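Each reported figure results from applying straightforward, stated rules to the coordinates on display, with no laboratory input. In this text, all values refer to a predicted model and were calculated from it rather than measured experimentally. Positions of Cβ are generated from backbone atoms using ideal geometry, with glycine treated the same way; all protein chains shown enter the neighbour counts.
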């Protein structure tokens, strides 16, 4: 088991006292597997992602354990986590429009991911960045290497985000609502790329979404979250066909009937 | 009971102190600030005088007090005159928009290129030195400063819904301006007023330092510093008191402005 | 390929923007020159008498009047002057018996390096201080920065100069207490004479810029792209200095531009304190000597200097903010 999360609890120090956003989350992910995490806003799914990669906002105090290949990430120092981020864990965020540094070319931002973890020459990194851009199917990649983020569309920026996250072929990739902010026509393409690369590279993917369609398309297993708790976990097919929990049923019932039928929901 | 910001309290206290000293100096100072007393010349601070004496034996402490009046009255006058004109201009620009606004903004930019010290030099060629020149130079620079602030603030207010409501109710432009716009931007204007008066004190001091301010024997902090330079190694105390006075006065006004700004900032209010 | 939202609409391009700004610069300069000329023409009394004194011989006065072109109509005199400015002939200073152009050139050789050094020093102080203050808000460095910011803008720059002379020059003797040996005396000795004045000029600037830097960094630290950098494996320090700071420089440069005129005005006072033969002291002594030709031209030059530096700052934007480049 690559990733094992046990009893993860995350609380915040607020003016009114302590506020808990995650209550004893248990979750597991094997290498090469895709786990969907579904929930509405406020369910804590983004917090789960940030806790796993160790980028919780200031004032947050996590407890429990997050084991990656047996090592508890919550016990590691900041320096140790910095070495792991990018190399063993990659992350893609929801908002491609603001996820990239406006003052750096996209090529150099991809190359930076390599420079941070490897002794590599600038030209080598550049070549690798080009290869990565082609891997995520960015058109006219050689020209685009020297482009700035504001010259790229939302879909292209998200592909750059994927290229950055996968640059070092991490064992675990976390995708927090990767297509939510994109136009509908672009969403399918991005999911395709993600799906293909994850399979090709044997990467374990934690795919977070509020959209069951996205989850059903890509996830092997799914975890349902509500108000900071895990409601239900199981294979995607299983959860959709035979939801055990009332909340899951509610989520599924809010989908149009035709979509549900397409997902295999017999109801 | 609302907690007042610390900057407001400290700034207010310091400013009040200086204003009090300035006003008091019109009626009383420890010694006549213009009285020359050669036997005491260059005396360091001691029993004879709290801050010592200058090269003519004049009492530094008394000169500082009298200098407060000079600095504050000139700075205040300049900012007041320029501020009124600038506020009117800025509000008008925000209300009338179009070509008028564009012209006003361009003229502002040109005046901004001439900080008070430079324009005072030029004006001094025409008008000679003296307090009038200083006040004019300060007032001139205040116009674009206040115009810019009020225009920005007025535009923000004008976009709000209750202005639209007032307009639809048929109120005239001038009435809307007076009844709605001005009270809301008043806070920002007062804050600017405090801060700019501080800067104006620096300007007045600088001009006096160059000899373009009030003429002797009227005491002036800036001129005291100019005179102190000649005796820098012999009597360092001459250079310390006026400089500290200027710095403290400006600091007090800045803190006052900051404190007022904090208190009236709508963001602060809404966080309660 | 679909033209999705997000592709830059800055198609107008930086070159066109700069060209427009340059034209505006020239137009403003023209307007300012007219104002200066008009103000000088408004000086009460006979300029010739003012310059030479009322007891000068009538012939000398008449000759000077003719030389100054005072017998010509206003507009003609204005255009004459403008033409002279463009061709480099600014007339002669009667106090120094040198062409004004030469005089201004000599003085700029002091004022420009002084201003440049002051700008560099102010950035060298404010950027690191502001960044470190923002990295730990309400920490010790933040408190120090806040203190520095408040005090730095309240203290008159010429007083700082006096204190520096008292505390450094006269006490330790590392730097001269005033005067300028000239660039011919060697680069280092000349630079040495500019250090204390530059510090006096830089401190109020640095105080303002420290606050700006701190605010900019604090706002940027929470931005998404910083999170992406951390997710790549960047340490907090790396993300701060390599991602946040370059972006934070944009508002800092903006403020620097706004402060240019204040800086130039400051040189007048500081040059006076340190007896530097710069534009400031030229303006001042010309005024004292009633050398109106010099005053007029120096005023124009000051305006040109301020506007020119503003323009340079504007051009600098294209370098630091790629969004403005294409």
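Side notes on the structure shown:
- Pairs of Cα atoms nearer than 8 Å and 6+ residues apart set the relative contact order; for chain C it is 26 percent.
- C-alpha long axis of helix A:106-115 to longest principal axis of chain A, angle in °: 80
- Binned Cα-Cα distance frequencies in the range B:6-140 - 10 Å width, integer %: 11, 24, 27, 23, 9, 5, 1
- Distance between the range A:167-194 and the range B:87-149 - C-alpha centres, whole angstrom: 56
- Scaling against 2.2 N^0.38 Å puts the C-alpha radius of gyration of chain C at 1.23.
- Beta bridges by DSSP in chain A, antiparallel share as percent, to the nearest 5: 55
- At the listed q of 0.21 Å⁻¹, the Debye profile of the range C:204-326, built from one uniform point per Cα, gives log10 I(q)/I(0) equal to -1.14.
- In this simple spin-label approximation, residue A:241 and residue C:98 carry label points 7 Å from Cα along the Cα→Cβ vector, and these lie 9.7 nm apart.
- Cβ-to-Cβ counts within 10 Å put A:73, C:82 in ascending order as C:82, A:73, the fewest first.
- Hull volume per residue, based on the alpha-carbon atoms of the range A:122-246 and their convex hull, is 127 Å³.
- Averaged over the residues of peptide B:122-130, the number of Cβ atoms from other protein chains lying within 10 Å of each residue's Cβ is 5.
- Here the Debye sum runs over all C-alpha atoms of the range C:87-167 as equal scatterers in vacuum, and log10 of I(q)/I(0) at q = 0.24 Å⁻¹ comes out as -1.12.
- C:65, A:15, A:242 arranged by Cβ crowding within 10 Å, fewest neighbours leading: A:15, A:242, C:65
- Cα-based helix-to-principal-axis angle, A:154-166 vs chain A, degrees rounded to 10: 90
- Residues residue B:132 and residue B:19, FRET efficiency given R0 of 22 Å [Cβ-Cβ distance, rounded to 0.05]: 0.45
- Model label sites at residue C:183 and residue C:75, defined 7 Å from Cα along the beta-carbon direction, differ in position by 4.1 nm.
- Hull shadow area, averaged, chain A [alpha-carbon convex hull, nm²]: 14.8
- Alpha carbon Rg of chain B, scaled by the compact-globule rule 2.2 N^0.38 Å: 1.18
- Taking every C-alpha pair closer than 8 Å and separated by at least 6 residues, the mean separation divided by the residue count of chain A gives a relative contact order of 26 percent.
- Counting only alpha carbon atoms, the long axis of helix A:122-135 and the longest principal axis of chain A meet at about 50°.
- Unit Cα scatterers, Debye sum, the range A:1-129: log10 I(q)/I(0) for q = 0.11, 0.19, 0.23 Å⁻¹: -0.49, -1.20, -1.41
- Per-residue mean of C-beta atoms belonging to partner chains within 10 Å, peptide B:216-229: 2
- Two-decimal Rg to Rh for the range C:131-211 - Kirkwood Rh, Cα set: 1.11
- Averaging the Cα positions of each part gives two centres, and for the range A:199-257 and the range B:200-252 these lie 76 Å apart.
- Cα-Cα separations in the range C:234-303 greater than 21 Å, expressed as whole percent: 48
- For chain C, a Gaussian network of Cα nodes joined below 10 Å ranks C:202, C:42, C:101 by mean-square fluctuation, and the top entry is C:42.
- Peptide A:146-154 - average C-beta neighbours from other chains (10 Å radius): 5
- Remark: the protein assembly as shown projects, on average over all directions, an area of 47.0 nm² (convex hull of Cα atoms).
- Per-selection Rg to Rh, the range A:130-201 - Cα, Kirkwood hydrodynamic radius: 0.94
- Once divided by 2.2 N^0.38 Å, the Cα radius of gyration of the range B:8-77 becomes 1.21.
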